[in-house]
Amino acid sequence: MATLNRVLFIQDTVLKQEPVQSSQLPSTKQQSIPIGTLLVLKSYELPINNSDHYKLFLEDIQFKGFSSNWFAFGKHAKIIQEEITPVTNISAIATKQQSKDSVKVTVDRQSVGNQQGFLKLVFNAETIIKRQPVDSKVLNDQSKQIIPAGTELILSTDKPDTNNSVKFSIQDNHLRFNLKDVEFKGFSKDWYVFTQHVGIQRVD
C-alpha cells in the first residue's frame, strides 16, 4: 500500500476557511471535526509567519462545498505519513455473524461511560457514500460523496446494549450509518456505504 499524507485530529476542533477564530466565521465557512477523525490530504502547508494553523487541501472530500484552503489549529491536529492498514470489513463480519440485515460490533459498555463518538468508520478502499443504498450512478451529486481510502470518520451511535453490542442495519449490501458532527452535502445522518469497503473500530 502507498504511504499517504493524512491529518489526525487529536481533539474536537473546527476546520475553517480562514485562519481566524471560528466565532468570526459564518457556519458556511467552518466544519466541526470530532477527535479521532483521520482525513486524507492532497497536500498541506505547515504553519508559517507566526501562524498557528495548518493549511489543508483535502483529497476528494468536500465540506461546505470546499476541499481546498481549510485551516486547522496546529495543536488540535497531527500530520501523519503511514501506509493504510486495512481492517476487517463489514461484509466479512456480517457473514461470520450469519446476518444479512444487520451487524453487531462488540463494545464494552462500561468502558464507554459518557463518551460520545466511540466508534469510527474505517475506509479500506476509495468508495462513495450515498443517501440511498443504490448504484451511485443513479444519484445526483447532492446525494453522494467520494471518500478516499485511509479516511476514518467518527460515528454517532447508540450506547452499547446490555450484551455489549452496538447494532448497525444493512440494506442491499450497504451499511447504514450516522456521523458525529461532520456533514457532507448538508447531512450527517442516514448515509449508506458498500459493506466490502469499510470496517468499524473503536476510537483509540
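The values are calculated or read from the model by the stated rules, or taken from the named source; none is laboratory data. Nothing here was measured: the structure is a model prediction, and the numbers come from that model. Reconstructed Cβ throughout: ideal geometry from the backbone, glycine too, with neighbour counts over all protein chains shown.
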Going through segment 107-140 in order, the residues found to be in contact (Cβ under 8 Å) with a residue 12 or more places away in the chain, over 26 Å from I10 (Cβ atoms) and not in a loop (DSSP other than H, G, I, E, B) are I128, K130
P47 meets each of (1) of a type outside the set (F, W, Y); (2) touching a Phe, Trp or Tyr at 6+ places or on another chain (Cβ under 7 Å); (3) at pLDDT 95 or above with one exception, condition (3)
Taking segment 144-197 and keeping residues within 13 Å of V105 (Cα to Cα), among the β-branched types (V, I, T) and within 14 Å of the chain's Cα centre (by Cα) leaves T157
Of the candidates F118, F71, the one satisfying the condition of being out of contact with any Leu (no Cβ under 6 Å at 6 or more places or on another chain), surrounded by 15 or more Cβ atoms within 10 Å (Cβ to Cβ) and not assigned by TED's automatic domain parsing to the domain that holds N173 is F71
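Quick test for you: out of K100, K104, K75, pick the one residue that is assigned to a helix (DSSP H, G or I) and in contact (Cβ under 8 Å) with a residue 12 or more places away in the chain.
Result: K75 is the single residue among K100, K104, K75 that is assigned to a helix (DSSP H, G or I) and in contact (Cβ under 8 Å) with a residue 12 or more places away in the chain.
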All conditions in (1) of a type outside the set (K, R); (2) in a loop (DSSP other than H, G, I, E, B); (3) under 30 Å from D158 (Cα atoms) are true of P47 except (3)
